Amino acid sequence: MLRNIAGLRSGLRFAPQISKNLIGGKIAPVSSIGFVRFNSNNHKLNTDSRAFKYSQEGPSFVKFTEEHEWLAIHKDDTAFIGITSYASDSLGDATFIEVPEVGDRVEVGDSIGSVESVKSASEIYSPVAGEVVAINETLESSPQLINEDPQGEAWIAQIKLNETADVVGQQENLLTAEEYEASLQEQ
Amino acid sequence: MFALFRNAIARKTCDLNWTRRLMADVPFGDDLTPIDYGDYNLEDFLHYQPNNTNTSKPRQEDSSNFPSDEFSKAVVSKEPIVFVSKIKDPHWNLAIEDFIYNQMPLPSDNVANYNRLFLYSNSPCVVIGKNQNPWKEVNIPLLQSLRIPLVRRRSGGGTVVHDLGNTNFSFMTSKANFDRQKFSSKLVEVLNDSKLLKFNLQVNERGDIVSLPGADGKTYKVSGSAYKLSKGRSYHHATMLLNSRLDVLKKLLSRDETKLGVVDAKASVESVRSKVKNLEIPSDDFIQLAIKGFREEYGITKDDTAYSNEIINKKNDGDETSVDYDQDELFNLKDFMTSTPRERQVNVMYIDESMSLPTEIKSTYEELKSWDWKYGATPKFTHYFTNEEIGIHVQIEVGKHAEVKDVIVNVLENCQLSHESVFDSFRFLQQVLRTEPITYTGSTVAGYITNDQISDWLGSSIDGTI
């Protein structure tokens, strides 16, 4: 973890200070560098990634969930899903990423994959309903990408939404960056 | 984190030093034995008597046959509970664990705890991690011939071998309270204080329990951990080597790559080898100590504020999933509450074959037993086989759901058969592959190969198909 933060994040994206590390346990002592807090910049997607550049003007909405997934909803009613930097930091070095299959139909709350890190299998859930239209095959051979660029190139799947982007963008289970930040501070 | 990184390096070096290390290491836990040049000593298995220290009755309390509806109520009850399984079938135990885990109610705050501890021992079996490759980790033909089950669990981590000399503990709590080391640390404290051990223990950075360095400066692993995190909940389960037949069991993980082929599974999770040792205490003693640790850390007292508040909350919030019932009456507390005056208390429920278990457990059991889960859940991989005798090299590409995607055949210089006849014998297989998926079993693949010698060889190399 410290290696990641020092080497990859160059001090730009630190984990939040929290007394109880949500999913990391003692093995990922992010609180030891805890004077740095998240701000809204921590929740920005990598604007060079496919998840962002899929539409020329970028996603219409970027949303988050309490289970630490992010969602980039594009105007063609598809959404890219990944896990947040916070989740990736807490989990530690990933050794395997399970991605769904193209054609899978998912409902809100269905598992769409999992991350294995330091012997922990952690489920990833879809916060939206629809059909998987693309998966990130790079993750299958390069699981470490989820630690390097969780909010960008390490998107997990692209889902064709059952509803329009505008409707999904208003879903109650989806948080804005500010709301997600607030939920992290509560913990 | 650092440990994982170190292990990756350690794995590379130990491949090079394999033959030397084979003598020093007793592979178990997360351990892997890619090659074993020794013979299998199969007679060991014929005389294999599971250690019987586990079969005696628990000394302290007994459940006297719970009806299944009480089990169903216990799994959703809003208090910490210990479950002890007397069932020895690994698939049933994993299915029960899964059920207890998924039924565990989640507290509305971080104060109340509805934590569970599940204790169980399995008859001999090999358990692989969720994202592992059994062809790489396990000597499948040997397992098949000995009828020792292969089990894929739902948590991460590496391959372990179980027998009745091993007792497993599974600590379940909310996701917010997930901690890779906390329960192990408590357990180590209780075990070290028990005065029953021949050597003291500590928790390492991977959450495994190891001996304190002895005179030789070495530590030995006695317990290997794996974890699962899902919506709102988490578990930490682990083995505890008490009186396992390590010498016998390690053979199940020994693969001779010249016979069973080289598995290139770059996407899957590899096991980490460690030196292991038995704790040499009876299973009953360990179970009682584990319950003690859980009770001291998570037990409740009747005037426990958090507990009382939770009961009040439960009555006020009209939560339709919670059923109001008298805890004392339900669990007949006076008879089997593990407690001493004014100390924390915890209920213990024993599970045995006489109980009729919920149907969900049965369906999980069926799923865990299925080929689709055990083998079919393997991440895609390539399996390379070389037969020096015949003089051919076969490369099999296996995709998701363990379906054969491609078979590539090369003829070696010393091939006894005509090149044409070698390629001919794979023609039917390759033709079928273009039109329908073929599951990666020895019998299926061998069935499409028209040369008997090649067919027998590949079938037996894949999974012991004769």
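A few comments on the model shown:
- Of the listed requirements (1) free of Cβ contacts under 8 Å to residues at least 12 places away in the same chain; (2) within 24 Å of A:H43 (Cβ to Cβ); (3) touching a Ser or Thr at 6+ places or on another chain (Cβ under 9 Å), A:E186 misses just one: (3).
- Only one of B:V248, B:V272 that is aliphatic (A, V, I, L, M) and either more than 26 Å from A:A94 (Cα to Cα) or part of a strand (DSSP E or B) (or both): B:V248
- The residue list B:G165, B:G224, B:G214 contains one member that is within 14 Å of chain A (Cβ to nearest Cβ) and either under 16 Å from the mean Cα position of the chain (by Cα) or within 20 Å of B:L279 (Cβ to Cβ) (or both), which is B:G224.
- Whether a residue is at pLDDT 90 or above and away from every other protein chain (no Cβ under 14 Å) was assessed, and A:I73 passes this test.
- Number of residues in the stretch B:262-292 that are at pLDDT 95 or above and buried (at least 23 other Cβ atoms within 10 Å of the Cβ): the value is 6.
- Checklist (1) over 19 Å from the mean Cα position of the chain (by Cα); (2) more than 12 Å from chain A (Cβ to nearest Cβ); (3) of a type outside the set (A, V, I, L, M, F, W, C) applied to B:K175, failing item: (2)
- Scanning the stretch B:229-263 for residues that are within 14 Å of another protein chain (Cβ to nearest Cβ) and over 15 Å from B:V160 (Cβ atoms) turns up B:L229, B:S230, B:K231, B:G232, B:R233, B:S234, B:Y235.
- Hits in the stretch B:391-429 - residues which are over 26 Å from A:T95 (Cα atoms) and either in a helix (DSSP H, G or I) or assigned by TED's automatic domain parsing to the domain that holds B:E257 (or both): B:H419, B:E420, B:S421, B:V422, B:F423, B:D424, B:S425, B:R427, B:F428, B:L429
- Restricting attention to the stretch A:122-159, the residues that are farther than 24 Å from A:L174 by Cα and touching a Lys or Arg at 6+ places or on another chain (Cβ under 8 Å) add up to 2.
- Members of the stretch B:200-228 that are assigned to a strand (DSSP E or B) and out of contact with any Phe, Trp or Tyr (no Cβ under 6 Å at 6 or more places or on another chain): B:L201, B:Q202, B:V203, B:I209, B:V210, B:K221, B:V222, B:S223, B:S225, B:A226, B:Y227
- Sole residue being at pLDDT below 95 and under 28 Å from B:T173 (Cα atoms), chosen from B:K251, B:K231, B:K259, B:K218: B:K231
- Single unsatisfied condition, B:R59 versus (1) in contact with a Leu (Cβ under 7 Å, 6 or more places away or on another chain); (2) modelled with pLDDT under 95; (3) part of a loop (DSSP other than H, G, I, E, B): (1)
- Verdict on A:D104 being at pLDDT below 95 and within 12 Å of chain B (Cβ to nearest Cβ): no
- Enumerated strands (runs of 3 or more DSSP E) restricted to the stretch A:119-177, each holding at least 2 residues that are more than 14 Å from chain B (Cβ to nearest Cβ): A:130-135, A:157-161
- Residue selected from the stretch B:264-289 under the condition among the aliphatic types (A, V, I, L, M) and over 24 Å from B:K136 (Cα atoms), by the criterion nearest to the other protein chains (Cβ to nearest Cβ): B:L279
- Of all the listed residues (A:E178, A:E101), the sole one being among the acidic types (D, E), over 25 Å from B:S271 (Cβ atoms) and more than 17 Å from the chain's Cα centre (by Cα) is A:E101.
- Per this entry, B:I454 is counted among residues that are under 38 Å from the mean Cα position of the chain (by Cα) and assigned to a helix (DSSP H, G or I).
- Residue within the stretch B:123-130 that is assigned by TED's automatic domain parsing to the domain that holds B:V272, over 30 Å from B:T382 (Cβ atoms) and not aliphatic (A, V, I, L, M) present: yes
- Only one entry of B:V190, B:V160, B:V151 meets the criterion of being over 24 Å from B:P107 (Cβ atoms) and within 14 Å of another protein chain (Cβ to nearest Cβ), and that entry is B:V160.
- Out of B:G376, B:G391, sole residue that is surrounded by fewer than 18 Cβ atoms within 10 Å (Cβ to Cβ), of a type outside the set (S, T, N, Q) and over 30 Å from B:L94 (Cα atoms): B:G391
- In this structure, B:S170 does not satisfy being surrounded by fewer than 21 Cβ atoms within 10 Å (Cβ to Cβ) and either within 14 Å of chain A (Cβ to nearest Cβ) or over 30 Å from B:T382 (Cα atoms) (or both).
- Restricting attention to the stretch A:94-105, the residues being farther than 21 Å from A:E153 by Cα and in contact with a strand residue (DSSP E or B) (Cβ under 6 Å, 6 or more places away or on another chain) number 2.
- Any chance A:P59 is buried (at least 17 other Cβ atoms within 10 Å of the Cβ) and either at pLDDT 95 or above or under 27 Å from B:V269 (Cβ atoms) (or both): no
A quick yes/no check of all residues on (1) in a strand (DSSP E or B); (2) modelled with pLDDT of 95 or more; (3) farther than 24 Å from B:Q132 by Cβ:
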| site | (1), (2), (3) |
| --- | --- |
| B:K334 | no, no, yes |
| B:R342 | no, no, yes |
| B:V346 | yes, no, yes |
| B:M355 | no, no, yes |
| B:L368 | no, yes, no |
| B:D372 | no, yes, no |
| B:A377 | no, yes, no |
| B:Y384 | yes, yes, no |
| B:E389 | no, no, yes |
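The values are calculated or read from the model by the stated rules, or taken from the named source; none is laboratory data. Every value quoted in this text rests on a predicted model; they were computed, and no experiment measured them. Quick reminder, even Gly has a Cβ in these numbers, built from the backbone with ideal geometry, and neighbours come from all protein chains shown.
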